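Every read-out reported here was derived from the displayed coordinates using simple, explicitly stated rules and does not represent laboratory data. Here the structure is a predicted model, which is why all the values come from computation and not from measurement. Neighbour counts run over all protein chains shown; Cβ positions are idealised from the backbone, glycine included.
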Amino acid sequence: MYEATLHLQLEGDCVLSELASRTGDTIVIEVLELHDELVTFVVQAEGYARNCYEILSEAEQVEHVELLGDEAVLVTKSSCGAYPAIHRNNGVLRRQNRIDKRSRVYHILAFQHDDITNIIKDFQSFGTVTVDSLSEFPGTDPALTPRQREVVETALEAGYFEWPREISSEELATELGITRGTCLEHLRKAQAKLLRDAVDSLDDLQMT
């Protein structure tokens, strides 16, 4: 498991960069969901949520915007490409990411070094990338059951985690000789263990 902190400066226009420029503040967002080429996230905007809402409501890239009380805004917009690049290369955002009028910062977890390399390559297609840090979690050996390890390894080899997927969950289950529900349950539990162990390892390192 690897963690990388990447700085990206977009070459094109982005509504969030415009938002940061107009509010004069760094924008902190938490991504909730990717669907097709759209991304849904929450903007943490304590003290200026109404201003954010009004600016985002005017943007053509924004499909939906909604006030969440006085401190946050829910947004669905077309992605600049960063979040799909992370997702299709098996990456997961580690924390909230920060965006200002010049650049943005992504803290990413990935299972393999090649995944990080591919994310960086994809980022370079629409901006300038700087690698702030890249490290492997030392001694990480998630306690997967033999069956969970078999399912994950088979899924990786068959392209289940590729973007777009090269095999469906039903086809994967057939290849493994189990039901689709059992297959998805093994995958869910294995991914949860891998991510939990990675986060715990990182927290332990930060405390030392």
Exercise. Spin-label point model (7 Å from Cα, Cβ direction): what's the Leu67 to Ala143 distance in nm?
Worked result: 4.9
Problem set entry | Per-selection metrics, the range 13-80 (Cα): Rg and Dmax in Å | 10.8, 32
For this session: Just tell me which lysines come within less than 26 Å, Cα to Cα, of Lys101; anything on the same chain fewer than 8 places away is out.
Result: Lys77, Lys121
Exercise. Which label marks the calculated value of percent of Cα pairs over 22 Å apart, given the options [x] 43; [y] 51; [z] 55?
Worked result: [z]
Exercise. Based on the Cβ-Cβ distance from His35 to Lys189, what FRET efficiency comes out when R0 is 22 Å, to the nearest 0.05?
Worked result: 0.35
Seminar exercise, completed: Between Gly159 and residues 5 or more places away or on another chain, the pairs with built amide H atoms under 5 Å apart involve none
Seminar exercise, completed: With +1 on the Cβ of every Lys and Arg and -1 on the Cβ of every Asp and Glu, the dipole magnitude of the chain about its Cα centre, in debye rounded to the nearest 20, is 240
Problem set entry | Cut-off of 10 Å, at most 14 other beta carbons, DSSP loop: longest stretch of the chain lacking such GluC sites (Glu not before Pro) | 72-161
Exercise. Gly47: net charge of surrounding residues, Cβ under 10 Å, Lys/Arg +1, Asp/Glu -1, itself excluded?
Worked result: -3
Problem set entry | R0 of 22 Å, Cβ-Cβ distance Glu162-Thr128: FRET efficiency to nearest 0.05 | 0.25
Problem set entry | All-pairs Cα distance distribution in the range 64-163, expressed in whole percent, bin size 10 Å | 12, 37, 30, 18, 4
